[in-house]
Amino acid sequence: MQLEAGSTHKSAHPGTDASQESAQATAATPQVWFDGRMVAIDSPQAPLTTHAMHYGSGVFEGIRAYATADGGAAVFRLPEHMERMRKGAELLGIDFDVDAASEAVLQTLRANGHRDAYIRPLAWLGSGTIGLDVASLSQHLMVATMATAVHLAGKATRLGVSGWRRNPASSLPPLKLCGGYVNSILAKREAKQRGFDEALFVDGDGRVVECTGANVFMVADGQVVAVSHPDALDGITRATLVELSAAQSRPVTLEELKQADEVFVCGTAAEVAPIASLDGREFGDNPVTREFQQRYADIVRGRDAAFAHWLTRV
């Protein structure tokens, strides 16, 4: 996280001068959109009393841009991501303008010359107090873009059941609140230490929840099932695949998942990632998953005109 030292800025609304400065950016110096202007990625500094640093009082999104078949670039389902971010910001009392933040995303992509990119908008609470009353804190917004894979990115994945439980929705709503992802960090670390690529959360009744950063699907007897659970993030990629496949959305037990013909996970960073094994249960060729991977790639890269409405041109 990066902040401007000593800032007293109260609004997380983007300004209007970022587009004027973006033309000055160079590929050699990555730019971030920060509180209304483009700056070099290493120029903002964070005060040690930044509230979000101590308490995780921020909200973020993971978004992807793709090089499109016509030589341009587009952001996949940008309005849906921004609306979900607005809901998280509202819970923390952070002012958030969906349209202006969306424009900040596009400005950052243009400034960095990125076509294939992972996009990280972050709104957070800064200086004012070290306590838990956040009403008087400064508010900040940044957007960074990275031409790199940050998660599973469609790769075959070895999945292990985590010893940790997912944050219950009755305690922490399943949105992209910064502090809530400590739960995912712990599960991911445990999975790696046990030799897995990713962790699967299962609740106390043996029902599948989700992975650390991806929703879960299975294929059984030709039927595609989207795992549903009240503690799981309402994934935008999940919703995309449900619409494409007319998948049944329902609760699934761990034992049922292990008996499936195919298992795959999905998310903005994960894209559509086949599960090679689950706690040692090996899966086979995964032909249905491969079909979804290709269909998803065609849509996000603008090769399927029927879904052009999901793309925001950069």
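Before moving on, here are some points about what is shown:
- Test set (1) at pLDDT below 50; (2) surrounded by 17 or more Cβ atoms within 10 Å (Cβ to Cβ) - residue 11 fails condition number: (2)
- From the list 238, 281, the one residue that fits, being out of contact with any Lys or Arg (no Cβ under 6 Å at 6 or more places or on another chain), among the basic types (Lys, Arg) and free of Cβ contacts under 8 Å to residues at least 40 places away in the same chain, is 238.
- Scanning region 173-207 for residues that are under 18 Å from residue 237 (Cβ atoms) and in a strand (DSSP E or B) returns 198, 200, 201.
- Some residue of region 162-172 being outside any loop (DSSP other than H, G, I, E, B), out of contact with any helix residue (DSSP H, G or I) (no Cβ under 6 Å at 6 or more places or on another chain) and surrounded by fewer than 22 Cβ atoms within 10 Å (Cβ to Cβ): no
- For region 239-254, the criterion of being outside any loop (DSSP other than H, G, I, E, B), under 15 Å from the mean Cα position of the chain (by Cα) and of a type outside the set (A, V, I, L, M) is met by at least one residue.
- Summed over region 255-284, residues that are assigned to a loop (DSSP other than H, G, I, E, B) and closer than 23 Å to residue 240 by Cβ total 6.
The values are calculated or read from the model by the stated rules, or taken from the named source; none is laboratory data. As the structure is a computational prediction, the values presented were derived from the model and not from experiment. No Cβ is skipped: glycine too gets one built from the backbone with ideal geometry, and neighbour counts run over all protein chains shown.
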